[in-house]
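Just below is one structure, and these are the notes that go with it.
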Amino acid sequence: MSSTTMKIGTGIHWISRGFFYFGWMAASVMLVITCYDVFMRYFFAKPTSWAVELGAVLLVYMGFICAAELVRRGQHIDMSVLVTRLSKRTQKRVDVFDSVLVILFCAVLVWMGSKATLSTYKYGMYMAGEFHMPLWVIYIVIPLGALFVGLEYLLHIIEMKNGGKDVS
């Protein structure tokens, strides 16, 4: 494998890992916000008007931003009930086929997510409600997350081709 491929793989892994830590920070902020809102609601009868909306935004960020690192670690969703009964050679073929399907799905998400993000930016669309946030800030995580999930699956295929050697 070329050193350029290894450098690109290392860069993709590094960004995926950074996104993952950002997702953990979002989860921590969401926990604090939710606890604060519950405390204010049930002890002082003064719920916040923004906690639910911000929590929903952070949940979207967590889902899309953490996925690439989970793919890299092999901890992403895996339905292996039938596949484990196949021969090792067939398992590898199924894994490549699944990875290609995921890459195609991610390409569609990047394309459609980018169109939606650019559209909300172009027309200056904002969230309704108290938390008046630009929608493009929320939508941009969809093509970004899908891009890096697709890249991690591509690196996974390259690693399998090279006999399981890590690309990074």
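Seen against the Cα atoms of the chain and their longest principal axis, helix 88-122 is set at about 40 degrees. Kirkwood analysis of region 3-161, using all unique Cα-Cα pairs, places the hydrodynamic radius at 17.8 Å. Label sites at Lys115 and Val81, each approximated as a point 7 angstrom past Cα along Cα to Cβ, lie 3.5 nm apart.
The lysines within cross-link reach of Lys7, meaning a Cα-to-Cα straight distance under 29 Å and a gap of 8 or more places when in the same chain, are Lys92, Lys161, Lys165. Peptides 94-100, 67-73, ordered by how many other C-beta atoms sit within 10 Å of their residues on average, highest first, read 67-73, 94-100. Amide H to amide H, with H built 1.01 Å from N, Tyr126 comes under 5 Å of Leu135, counting only residues 5 or more places away or on other chains.
For the peptides 139-146, 31-38, what is the packing order when you average, over each peptide's residues, the other Cβ atoms within 10 Å and list the highest mean first? Could the numbers behind the result be given before it?
Numbers: 139-146: 21.6, 31-38: 13.8.
The densest-packed peptide leads the list: 139-146, 31-38.
Throughout, read-outs are computed from the coordinates displayed, never taken from laboratory work. Model, not experiment: these values are computed from the prediction. As a convention, Cβ positions derive from the backbone with ideal geometry for all residues, glycine included, and neighbour counts pool all protein chains shown.
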